[in-house]
Amino acid sequence: MLKAHYFFALSLSQETKRHIQKWTQPMKDENFFKNWVHPQDYHLTLAFLGSADELQPVIHKVEALECSAFPLTLDHFGIFGKSDSPRILWMGIQPSEALQRVRDRVYDSCEEAGFQLDKRPFSPHITVGRKWNKAFPFTTEWLNAFQPTHTHSFTAVEIVLYQTHLDRLPKYEAIYTKSLQANRPS
């Protein structure tokens, strides 16, 4: 049996998930990517922990953080991987100092609790699809035809610790939630 993996993320409202689903539907209809993330699994990862035997120390550290709710805006699709055959299609977020601060606090809390985290620079995104699925090469011009014509803004209101279940859909289960405070500096 596979060991469960865990990660901290910002959850998304149902309205935000519906916007992402609406924007990705034309690509899904044509099966442009092999795998599509279940809309209930959309999230913005802050720190990937991997497998863990003990979560209480990191939960206590994240619980102690003082962070306020903050606005975010979705505005474009992007990719990770080879330029002609990407492995990840993602929905992007406009730059946000508040998001960077919250991510840094959660990341630091995880490291203080003993987790070895990815050292790559933070690239905020919401994964929506995996593995380019066409015989023709992916191009930026192709993706531009699917870019949203407007933005969608929402308020980040909670940090969630998710557990991954690879054998079911949706595959992410919230096992701890920290509400972000209203009207306090983040």
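Only the coordinates and a few stated rules stand behind these numbers; no lab work does. This structure is a prediction, so every number in the text was calculated from the model and none was measured. We place every Cβ from the backbone using ideal geometry, glycine too, and count neighbours over all the protein chains shown.
Note on Ala174/Ala135: beta-carbon distance plugged into 1/(1 + (r/R0)^6) with R0 of 41 Å gives a FRET efficiency of 0.60. Counted by neighbouring Cβ atoms within 10 Å, the residues Val62, Val37 run from fewest to most as Val62, Val37. For the stretch 34-75, GluC sites (Glu not before Pro) are listed when DSSP marks them as loop and at most 13 other Cβ atoms sit within 10 Å of their Cβ; the list is Glu54, Glu66.
Here's the list of aspartates and glutamates a cross-link from Lys61 could span, going by alpha-carbon distance under 18 Å and ignoring same-chain residues fewer than 8 apart: Asp53, Asp104, Asp108, Glu111, Glu112, Glu158.
Sparse packing (at most 11 other Cβ atoms within 10 Å of the Cβ) combined with a DSSP loop state is found for the following trypsin sites (Lys or Arg not before Pro) in the stretch 79-153: Lys119. Note on the chain: Cα convex hull, mean projected area over all directions, 11.2 nm².
A simple spin-label model places the labels of Ala4 and Leu166 1.6 nm from each other, with each point 7 Å out along Cα-to-Cβ. Entry note, the stretch 56-113: relative contact order of 40 percent, from Cα contacts under 8 Å with a spacing of 6+ residues.
Got the relative contact order for the stretch 6-179 handy, in percent, Cα pairs under 8 Å and 6 or more residues apart?
35
The modelled label-to-label distance for the pair Glu30/Glu111, using points 7 Å beyond Cα in the direction of Cβ, is 4.2 nm.
For the chain, the antiparallel share of DSSP beta bridges with both residues in that region comes to about 95%.
Pairs exceeding a 20 Å alpha-carbon distance, out of Lys82/Lys134; Lys3/Lys34; Lys3/Lys171: Lys3/Lys34. Each of Phe115, Trp23, Val102 was placed along the dipole of the stretch 6-179 (beta-carbon charges, centred on the mean Cα), and the one lying farthest toward the positive end is Trp23. Using R0 = 35 Å, the C-beta based FRET efficiency linking Glu54 and Gln181 works out to 0.85.
Taking 17 Å as the straight-line reach from the Cα of Lys22, the aspartates and glutamates in range (excluding those fewer than 8 positions away in the same chain) are Glu30, Asp41, Asp75.
Answer rounded, prolate or oblate for the stretch 7-49, using the Cα gyration tensor with square roots of eigenvalues a ≥ b ≥ c: rounded when a/c is under 1.5, else prolate when a/b is larger than b/c, else oblate. Write out the running numbers ahead of the final one.
Details: a/c = 3.56, a/b = 1.60, b/c = 2.23.
Note, shape of the stretch 7-49 comes out oblate.
Extending 7 Å from the Cα toward the beta-carbon at both Trp142 and Asp75 defines two label points whose distance is 2.6 nm.
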